[in-house]
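Undergrad: One structure, as structure tokens, below. Some questions next.
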Amino acid sequence: MHEAEPATGGLSRREFVREASATGLAAAAATSTLAPFGARAQAQPGDGTPEQIHLTWGEDPSRSVVVSWASPGPSVNARVHVGESPAAGRVIHATQRCYTDGLNGQTVFTYHARVDRLRPNTTFHYSVTADNDRNREQPFSATFRTAPVGHAAFRWTSYGDLATPVTSWALSSPQSRFAVEAVERFKPLFHLLNGDLCYANMNPASQPAVWADFGNNVQVSAAWRPWMPCPGNHEIEFNNGEQGFNSYLTRYSLPHNGSRFSGLWYQFRIGSALFISLSADDVVYQDSGAFVAGPAALQPAPSTGHAPIEPGTSLYIHGYSGGEQTRWLEATLAAASKDHSIDWIIVQMHQDALSSSKNGNGSDKGIRERWLPLFDRYGVDLVLCGHDHDYERSWPVRGCNHDVGRDAASGVKVDTLQPKPVVTAEPADGRFDTSHGTIHLILGGGGTSSPLDAYGVDAANGLPQAKVITRRNRPVPGSGATPGAQVFSKPGADALEAAIWSARRDTQTGYGIAVFDLDPGTAGGKTSITISYYHAPGADRVPTSNYELFETMVLAKKRRG
Ligand SMILES: [Fe+2]
Ligand SMILES: [Fe+2]
């Protein structure tokens, strides 16, 4: 599975991938000149056949779903037929959105049909076609279910860091197919995909083709139930918009947030739960967007008109919203705190505030500074992340200890804002009350070729230890494989702290899926969320469809409404 070796500066592909993970992830194969157009890079004007079909929630998941897809060339009269039976229903015409990849010059055609005025908690049949659909006699068809309203039970699933099953792409693995099938095994109402969708930016000559392989892989599930993504560092691509998110934003129709950054962060409400999806690259210190390691410059195709991107260049977007995202988050949380029909607040983001991965990125102080105080003030119950390709669960945390970290190199005291656990033992009744603290889950085991299942340990006392990134790790020059050539890398986390907040870490495998079952409870009683984490032992060596239960926990609290 590792026959296609990208240029990795003397490392084997597997070593490189681990190295890339450890350094915040670098763009692979950045040393080659891009072919102007690959076999799949030419628009095919006659072919409007829908592919990469996926669903997302509209503003109100009980009444609105968006059907999105791509086609090899421009579609003519792209449309969706939707109804409560295959025969009945209405036709909705799709909106076309395109972008031209800023590295290889390929134009991508996507289509979005917003289906409103649906009945809650109802199954709908739909089909997707166009006048120039090769399958128009028997167009693609599937079903979806709208969300329930009021105090209702429902299930969702989550993981991040999925990649594609096409092993010639950097960081892809056959496990990514099994991961999509795992979602279908649990048949959730919807799935949360916590960033690092496909690692297209690690394959800079072929970004649109990687996205297509990702889209066709997830269609197996995402055409049947909404997959709600958040952007990760690997969605940041050179020459594709100010923050590099053009591909992500073109392909997904997500609830509006009222800012010019629509699609990067959003909220939606189902039953008694509020879901908030964030773009953590706005606040993290780590420098982990698209990166040219060298020794050669990255040469965009001549048709793009873009200049070569020199070795050592990274796309660092810290602070890109100028505080707008954090202000939106605070306003959204403040409104939720006043709404007594909301019992649960679940946040999704890609990077981690509490991760003690040994070979991954670790915890980022930027999230601790900007967002953890808001999670505390407004009582966020759960934070679901990816980024480190493993499974880790925190104790419920609230507040922080100051000045207890130390610089990884010098040992000098550093304020890492160490999160403070409110309990440090499994509760006797097996139930955590998250009104007292927020639980963070790292769910980075989607399907990449770079699983991680090793965690930091303080050699002095054998207790969990975390790396913490407290400042930008900008690329630094090292020695090249060829004399005179320069290769850049990014240093790892600069600080260490005792991971007193770490409750459970999966050391058997990096791969898994979390399943969440919300029970609304009854008026005056308790409401709960049962979390079951299933992992795939052995998948680090041989990809497998076998997901087994690793642990179950219950969050329970008094119902407000
Ligand atoms: Fe990742
Ligand atoms: Fe990541």
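The values are calculated or read from the model by the stated rules, or taken from the named source; none is laboratory data. Because the structure is predicted, anything quoted here is derived from the model rather than measured. So basically every Cβ, Gly included, is an ideal-geometry build from the backbone, and we count neighbours across all protein chains shown. Ligands, DNA and RNA are excluded from the accessible area calculation, which covers all protein heavy atoms including side chains. Shrake-Rupley method; radii C 1.70, N 1.55, O 1.52, S 1.80 Å.
Undergrad: Compute and list, largest first, the equivalent-ellipsoid semi-axes of segment 519-561 from the alpha carbon gyration tensor, each √(5λ) rounded to a whole angstrom.
TA: 35, 7, 6
Undergrad: If you don't mind, there's one more thing I want to ask. On a C-alpha basis, how far is the centre of segment 220-256 from the centre of segment 536-553 in Å? Whole number, if you could?
TA: With segment 220-256 and segment 536-553 each reduced to a Cα centre, they are spaced 27 Å.
Undergrad: Provide the solvent-accessible area of R269, counting protein heavy atoms only and rolling a 1.4 Å probe, rounded to the nearest 10 Å².
TA: Number for this one is 70 Å².
Undergrad: When the Debye formula is applied to the Cα atoms of segment 446-561, each taken as the same point scatterer, what base-10 log of I(q)/I(0) results at q = 0.09, 0.12, 0.16, 0.19 Å⁻¹?
TA: Reported log10 I(q)/I(0), two decimals: -0.47, -0.75, -1.02, -1.09.
Undergrad: If N is the number of residues in segment 276-337, what value comes out of its Cα radius of gyration divided by 2.2 N^0.38 Å?
TA: 1.62
Undergrad: I'd like the Karplus ³J(HN,Hα) series for segment 550-558: coefficients 6.51, -1.76, 1.60, θ = phi - 60°, whole numbers in Hz, and an x wherever there's a Gly or Pro.
TA: Those phi angles translate into 9, 7, 10, 9, 10, 9, 9, 7, 5 Hz.
Undergrad: Using the Cα atoms of segment 119-173 to build a convex hull, what is its mean projected area in square nanometres?
TA: Convex hull of Cα atoms, orientation-averaged projection: 7.1 nm².
Undergrad: Expressed as cubic angstrom per residue, what is the convex hull volume of the alpha carbon set of segment 127-238?
TA: Roughly 137 Å³ of hull volume per residue.
Undergrad: Can you give the local net charge around D116? Use residues other than it whose beta-carbon is closer than 13 angstrom to its beta-carbon, Lys and Arg +1, Asp and Glu -1.
TA: +3
Undergrad: As an exercise, find the ratio Rg/Rh for the chain from alpha-carbon atoms, using the Kirkwood inverse-distance average for Rh.
TA: 0.96
Undergrad: I would also like to ask the following. Please list 3J(HN,Hα) in residue order for segment 211-222, calculated via the Karplus relation 6.51 cos²θ - 1.76 cosθ + 1.60 where θ = phi - 60°; whole Hz, with x for glycine and proline.
TA: Listing the rounded values in order: 4, 5, 5, 4, x, 6, 5, 6, 3, 3, 10, 6 Hz.
Undergrad: How large is Rg/Rh for segment 479-539, to two decimals, with Cα atoms and a Kirkwood Rh?
TA: We get a ratio of 1.29 for segment 479-539.
Undergrad: Rolling a 1.4 Å sphere over the protein heavy atoms, what is the accessible area per residue of segment 157-205, to the nearest Å²?
TA: Solvent-accessible surface per residue comes out at 19 Å².
Undergrad: In addition: Which whole-number percent is the relative contact order of the chain (Cα, under 8 Å, 6+ apart)?
TA: Once divided by the residue count of the chain, the mean separation gives 16 percent.
Undergrad: Based on alpha-carbon centroids, what's the gap between segment 386-431 and segment 319-378 in Å, whole number please?
TA: 15 Å
Undergrad: Near D133, within a Cβ-to-Cβ distance under 15 Å, what is the net charge of the other residues, with Lys and Arg +1 and Asp and Glu -1?
TA: Around D133, the charge tally is -1.
Undergrad: Could you give the alpha-carbon Rg of segment 260-419 over 2.2 N^0.38 Å, rounded to two decimals?
TA: Ratio of Cα Rg to 2.2 N^0.38 Å: 1.22.
Undergrad: If amide H atoms are built 1.01 Å from N in the plane of the peptide, which residues on other chains or at least 5 residues away come under 5 Å of the amide H of V115?
TA: Distant-sequence amide H within range of V115: V65, V66, V67.
Undergrad: Could you pull out every residue, at least 5 positions away or on a different chain, whose amide H is within less than 5 Å of the one on S158? Hs are placed 1.01 Å off N in the peptide plane, and Pro or chain starts have none.
TA: The list, which skips near neighbours in sequence, is L192, A514.
Undergrad: On the full set of protein chains, 1.4 Å probe, figure out the accessible area of R145 and give it in Å² to the nearest 10.
TA: The accessible area of R145 comes to roughly 100 Å².
Undergrad: Now for a different question. Lysine pairs in the chain with alpha-carbon atoms under 21 Å apart, 8 or more places apart or on different chains: how many are there?
TA: 17
Undergrad: Take segment 389-518, compute every pairwise Cα distance, and split them into 5 Å bins from 0; I just need the percent in each bin.
TA: 2, 9, 14, 17, 18, 16, 11, 6, 3, 2, 1, 1, 0
Undergrad: Here is a further query. What percentage of the solvent-accessible surface of the chain, computed with a 1.4 Å probe over protein heavy atoms, is contributed by carbon and sulfur atoms?
TA: 51 percent
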